1. For the structure I just gave you, tell me whether residue A:381 is assigned to a helix (DSSP H, G or I), surrounded by fewer than 24 Cβ atoms within 10 Å (Cβ to Cβ), touching a Gly at 6+ places or on another chain (Cβ under 9 Å) and of a type outside the set (A, V, I, L, M).
2. Does residue A:66 meet the test of being part of a loop (DSSP other than H, G, I, E, B), in contact with a helix residue (DSSP H, G or I) (Cβ under 6 Å, 6 or more places away or on another chain), of a type outside the set (Lys, Arg) and not assigned by the TED database to the domain that holds residue A:346?
3. Report yes if residue A:109 is within 17 Å of residue B:31 (Cα to Cα) and under 24 Å from the mean Cα position of the chain (by Cα), otherwise no.
4. Tell me, please, whether a residue that is open to solvent by less than 10 Å² (accessible area, probe 1.4 Å), within 14 Å of another protein chain (Cβ to nearest Cβ) and under 25 Å from the mean Cα position of the chain (by Cα) can be found in the range A:321-332.
5. Those residues that are assigned to a loop (DSSP other than H, G, I, E, B), open to solvent by 20 Å² or more (accessible area, probe 1.4 Å) and under 21 Å from residue A:441 (Cβ atoms), I need them from the range A:303-315; list them, please.
6. Testing residue B:103 on (1) farther than 21 Å from residue A:197 by Cβ; (2) hydroxyl-bearing (Ser, Thr, Tyr); (3) touching a Phe, Trp or Tyr at 6+ places or on another chain (Cβ under 6 Å), one condition comes back false. Which one is that?
7. Pick from the range A:423-469 the residues that are β-branched (Val, Ile, Thr), open to solvent by 10 Å² or more (accessible area, probe 1.4 Å) and assigned to a loop (DSSP other than H, G, I, E, B): which of them is nearest to residue A:284 (Cα to Cα)?
8. Find the residue count for the range A:333-378, including only residues that are surrounded by fewer than 22 Cβ atoms within 10 Å (Cβ to Cβ), free of Cβ contacts under 8 Å to residues at least 40 places away in the same chain and assigned to a strand (DSSP E or B).
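The values are calculated or read from the model by the stated rules, or taken from the named source; none is laboratory data. Please read all numbers here as calculations on a predicted model, not as lab measurements. FYI the Cβ positions are ideal-geometry reconstructions off the backbone, even for glycines, and counts take in every protein chain you see. Ligands, DNA and RNA are excluded from the accessible area calculation, which covers all protein heavy atoms including side chains. Shrake-Rupley method; radii C 1.70, N 1.55, O 1.52, S 1.80 Å.
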Amino acid sequence: MTKKTVIEKIWENHVVNRAEGKPDLLYIDLHLVHEVTSPQAFEGLRISERRVRRPDLTYATMDHNVPTIDRHIINDQVSKKQIETLEQNCREFGIELADIDHPDQGIVHVIGPQLGLTQPGKTIVCGDSHTSTHGAFGALAFGIGTSEVEHVLATQTIWQQRPKTLQIKVNGKLGFGVQSKDIILAIIAKFGVNAGSGYVMEYTGEAIRSLTMEQRMTICNMSIEAGARAGLVSPDETTVEYLRGRRYAPQGEEFEAAAAKWLALATDEGAEYDKTLEIDATEIEPQMTWGTNPSMGSGISGTVPSPDQFEREADKESVRLALDYMGLEAGTKLTDIPVDFVFIGSCTNSRLSDLRAAAEVAKGRKVKDNVTAIVVPGSQTVKQQAEAEGIDKVFMEAGFEWRDSGCSMCLAMNDDIVPAGKRCASTSNRNFEGRQGNGARTHLVSPTMAAAAAVTGHFTDVRQLSSVN
Amino acid sequence: MQPINQFTGVVCPLNRTNIDTDQIIPKQFLKRIERQGFGQFVFYNWRFDDDGNKREDFIMNQPQYEGAEILVAGENFGCGSSREHAPWALLDYGFRIIIAPSYADIFYNNSVKNGILALKLTEEEVAVIMERSKEEGYRLHVDLEEQSVKDENGFVAHFDIDPYWKKMLLNGWDEISVTLTEEDYIRQYEEKVYGQQYS
């Protein structure tokens, strides 16, 4: 029998039709919907008098626009309209919705896994590029545009070119104080923002195997920042145990049967990839970005580079523009860069374990006076769980604001905005110009590094703060 | 979508790599529930300053590029967010053709589905166009059928395109209608996997 990767196995299981001269038509097992990229798709259905083919495989929530304080007061009328439009569309087309008052509301990529909707072997799409997050379960999950959202709503299928496979092998063990966020930032810094273009990535190696599901989600989440639409991890016992007992996962005997199938999806020993890239986990230190795309970063012991250090003219120019936008001088030590804002949240790093790790650093310390620090749990459930553990109190005693769930300051489509010229240590996934607000300067870091920046007032190697694991 | 085959237009060079969709259409304009009207916001933060005044030094604001319909840019164009508002904005502004050495996967699909021909040329060919389009009124002639790009001074380049996308673009087909002709296959798949029919 041919040896196959998990990517090929899932693909083959979902081909509805394959014909010469066309992409494959794939069936979609789970379609997640949110308020920003869906209104035009539903409108398209209405105009063509089409219905949603599988409302039972479609699940909606609202996350991008929702306020994280006073959730019911949406001052922006356009945002409000978008949220109301989703409510109306879900009613009209019979789609289950976790709305703003629902206990399951949260960031779409946090609640899918939390509810057990996300399962190994599924094809999962959402009108959001960070859909790659769900790949952590050994699902083929990728972001789509609004035309494709409409297409999936109408047909439950999507046309896809068979992707090439890229193995990202993370060898060795992670060092003390290094987080899974640091692995993915290091991968992107090393291989670039389009290393994965045209590929689906599979993360393998000792360091990946030893990660929890939440840590794997952080890595898969940022696959798109390396240019890959999807990135996944082969299912294993960690995956199975995470899903046991979750509401939308199979229950009882059915669960055991499903688990056996899931485990069989793992990449076969000796299966071949179109390409393999390797990185040594032991050499990864806590990371931070200094520029305006996620590859413009390095270990915290580094300095801001000079455009002259880059070979290609295009790269020199990009770095020059980035330093100008970021207000940074070449040669500055990263630990000398001050922060004004700290954001702990987003679909990358807003799960319970992220908040626990950051709270460990915040405990018994104080946010610097000139720093505004906010913690935004990824879902209302994460918020409740954190509160049950007293994590909210730890943060608030340290001077962090404790908010309701949503996408918040990751993309500033809501009230959580970093002002122009201000510098933010952010646990999110994109440091593009203007991402967190016009003129805002974003530095991507892990949750522990963000907390360390909050309590010291500048970027700090979290390993140098005492009592940190 | 509008079919596209032969197209001639003024070229606007945007000499940057990794132009992300947050630049093409900033987040504050994603709240609308329509597909139209995004052109006025394209590259908003590059075209306008904080007070909403035109930034005269930004290339698209220079009079010679007014009405340009072909955008040429550096590699990995359209990276980042999956927002289809990016191609909607480009199209609404007037760009029917984009030329770059490479595109982010989601952006590429989104563009094609809106009738934008995002074509790939080599870095060297893109560099030639970048240079020549500094000249006022520089135009390119694009022929999708023969997969070629030409200017009036002897520049000729050929591009590859997936035959499926080529056919969709040439005919301006609505993809959902195409897929619905596969109904029998979809039904067979559903019967096999879910044991029932959904249509």
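1. On the way: assigned to a helix (DSSP H, G or I): yes; surrounded by fewer than 24 Cβ atoms within 10 Å (Cβ to Cβ): yes; touching a Gly at 6+ places or on another chain (Cβ under 9 Å): yes; of a type outside the set (A, V, I, L, M): yes.
Considered against the rule, which asks whether it is assigned to a helix (DSSP H, G or I), surrounded by fewer than 24 Cβ atoms within 10 Å (Cβ to Cβ), touching a Gly at 6+ places or on another chain (Cβ under 9 Å) and of a type outside the set (A, V, I, L, M), residue A:381 comes out as yes.
2. Working: part of a loop (DSSP other than H, G, I, E, B): yes; in contact with a helix residue (DSSP H, G or I) (Cβ under 6 Å, 6 or more places away or on another chain): no; of a type outside the set (Lys, Arg): yes; not assigned by the TED database to the domain that holds residue A:346: yes.
Spelling it out, it is not the case that residue A:66 is part of a loop (DSSP other than H, G, I, E, B), in contact with a helix residue (DSSP H, G or I) (Cβ under 6 Å, 6 or more places away or on another chain), of a type outside the set (Lys, Arg) and not assigned by the TED database to the domain that holds residue A:346.
3. Numbers: within 17 Å of residue B:31 (Cα to Cα): no; under 24 Å from the mean Cα position of the chain (by Cα): yes.
No: the conditions fail for residue A:109.
4. Taking every residue of the range A:321-332 in turn, at least one turns out to be open to solvent by less than 10 Å² (accessible area, probe 1.4 Å), within 14 Å of another protein chain (Cβ to nearest Cβ) and under 25 Å from the mean Cα position of the chain (by Cα).
5. First, the residues of the range A:303-315 that are assigned to a loop (DSSP other than H, G, I, E, B): A:304-306, A:310-312.
Okay, now just the ones that are also open to solvent by 20 Å² or more (accessible area, probe 1.4 Å), so A:306, A:310-312.
Result: A:306, A:310.
6. Just one mismatch for residue B:103, condition (1).
7. Step one: list which residues in the range A:423-469 are β-branched (Val, Ile, Thr), which gives A:427, A:442, A:445, A:448, A:455-456, A:460, A:462, A:468.
Now restrict to residues that are open to solvent by 10 Å² or more (accessible area, probe 1.4 Å): A:455-456, A:460, A:468.
Still in the list and also assigned to a loop (DSSP other than H, G, I, E, B): A:460, A:468.
On the way: A:460: 16, A:468: 17 Å.
Residue satisfying both the conditions and the ranking: A:460.
8. Residues meeting the conditions: 2.
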